[in-house]
Amino acid sequence: MSSTEQSSTEQSGTDRAPRPNRLAAAAGVALVEAVGLMAGGAYVLVRTLLDGGADLTGGVTGGVTLLALGLIPFAAALGLWRKRSWSRGPAVITQILALPVAWQMLQTDGVIPYGIVLAVLAVTGLVLLVNPATTEALGIRRPGQES
């Protein structure tokens with residue numbers, strides 16, 4: 001059996017196994033973060049364009065950047081839902097990067113509730129992503145585990 005056939009056989013075997021609730025929840029967390037980033041980007045972009053403020057370039061750049069950054073957790077959510085092992089990396093990185101952002105939000109009046117929500121999502125996402133049931137469902141082996 002060629003490596004391509006073996007890879008597709010392993011992939012289809014992984015797809016048939018039931019999706020653990022923790023993996024589905026991790027995909028949900030990543031999706032919520034993606035929607036939040038994209039909504040924030042759309043808000044900044046629309047507000048900048050409607051206000052026609054002094055810093056049009058900065059506002060448009062910020063809005064487009066948030067929209068683009070939202071694609072990372074969106075892709076991770078899709079990959080987690082489809083049980084693709086590659087998706088765990090971008091999902092974990094998203095959670096790690098969300099923690100300092102949440103911390104900064106907790107220091108700023110007016111956005112403290114959003115900071116709390118983001119911190120809870122990030123910690124929850126990390127816990128779900130490092131859970132053994134999640135890593136096993138994604139086909140990720142632990143150090144020392146034989147293939």
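The values are calculated or read from the model by the stated rules, or taken from the named source; none is laboratory data. Only a predicted model underlies this, so the values are computations on that prediction, with no experimental measurement involved. Don't worry about glycine lacking a Cβ; one is built from the backbone with ideal geometry, like all the others, and counts go over all protein chains shown. Just the protein is used for accessible areas: all its heavy atoms, side chains included, with ligands, DNA and RNA removed. Shrake-Rupley method; radii C 1.70, N 1.55, O 1.52, S 1.80 Å.
Of the set (1) without any contact (Cβ under 8 Å) to a residue 40 or more places away in the chain; (2) open to solvent by 70 Å² or more (accessible area, probe 1.4 Å); (3) in contact with a Ser or Thr (Cβ under 9 Å, 6 or more places away or on another chain), all apply to Gly115 but (2).
Of the residues screened, Leu126 is one that is under 19 Å from Leu23 (Cα atoms) and without any contact (Cβ under 8 Å) to a residue 60 or more places away in the chain. With respect to (1) modelled with pLDDT of 95 or more; (2) β-branched (Val, Ile, Thr); (3) over 23 Å from Val130 (Cα atoms), the lone exception for Val46 is condition (1). Has region 76-88 got any residue that is open to solvent by less than 60 Å² (accessible area, probe 1.4 Å) and in contact (Cβ under 8 Å) with a residue 60 or more places away in the chain? The answer is yes, given that some residue of region 76-88 is open to solvent by less than 60 Å² (accessible area, probe 1.4 Å) and in contact (Cβ under 8 Å) with a residue 60 or more places away in the chain.
Being at pLDDT 95 or above and not aliphatic (A, V, I, L, M): is that true of Gly144 here? No.
Of the residues in region 108-117, none is within 18 Å of Asn21 (Cβ to Cβ), aliphatic (A, V, I, L, M) and either touching a Lys or Arg at 6+ places or on another chain (Cβ under 6 Å) or at pLDDT below 95 (or both). For region 74-109, which positions are hydroxyl-bearing (Ser, Thr, Tyr) and over 22 Å from Thr135 (Cα atoms)? Hit for region 74-109 is Thr108, nothing else.
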